[in-house]
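The next block holds one structure in the form of structure tokens; read it before the comments.
The values are calculated or read from the model by the stated rules, or taken from the named source; none is laboratory data. Source: prediction; values computed, not measured. Every residue, glycine as well, gets a Cβ built from its backbone with ideal geometry; the counts of neighbours run over all protein chains shown. We work out accessible area using only protein heavy atoms, side chains counted, and drop any ligands, DNA or RNA first. Shrake-Rupley method; radii C 1.70, N 1.55, O 1.52, S 1.80 Å.
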Amino acid sequence: MVQRPASSVLLAAATAGQRTVAVGERGVLIVSDDGGAQWRQVALPTSVTLTAVRFADARHAVAVGHGGTVLTSADGGDTWTRRLDGERLAQLALQQARARGDAAD
């Protein structure tokens with residue numbers, strides 16, 4: 001969490017209905033329900049730079065960022081769950097290599 005989230009470096013934004021969500025450096029994600037007059041920061045399970053955010057509908061959103069980070073929200077952006085990151089991607093690749101017999105001990 002940062003002291004002035006609306007003053008952070010923001011890299012992308014998406015709108016669904018009245019809600020706007022913006023993402024940026026150091027895992028900042030801010031939400032506005034009044035056209036950007038007021039913003040509040042949402043706590044996230046990451047601190048990597050987020051580079052894109054999109055809504056599928058008014059409730060479901062995805063945010064992505066550095067290191068293969070993928071976050072999802074099912075409540076319009078009020079809470080977020082980490083679905084994937086670089087560490088998990090590496091684990092999946094290693095499991096797959098081991099299953100094929102390609103992985104060295």
When both residues are 6+ apart or on different chains and their Cβ atoms are under 6 Å apart, which pairs have a first residue that lies in the range 79-90 and is within 30 Å of R19 (Cα to Cα), and a second that is open to solvent by less than 80 Å² (accessible area, probe 1.4 Å) and of a type in the set (A, V, I, L, M)? W80/L44; W80/L71; R82/L71; R83/V70; L84/V70
Of these, A16, A52, A12, A63, which one is open to solvent by less than 70 Å² (accessible area, probe 1.4 Å), touching a residue at least 60 places away in the same chain (Cβ under 8 Å) and not β-branched (V, I, T)? A16
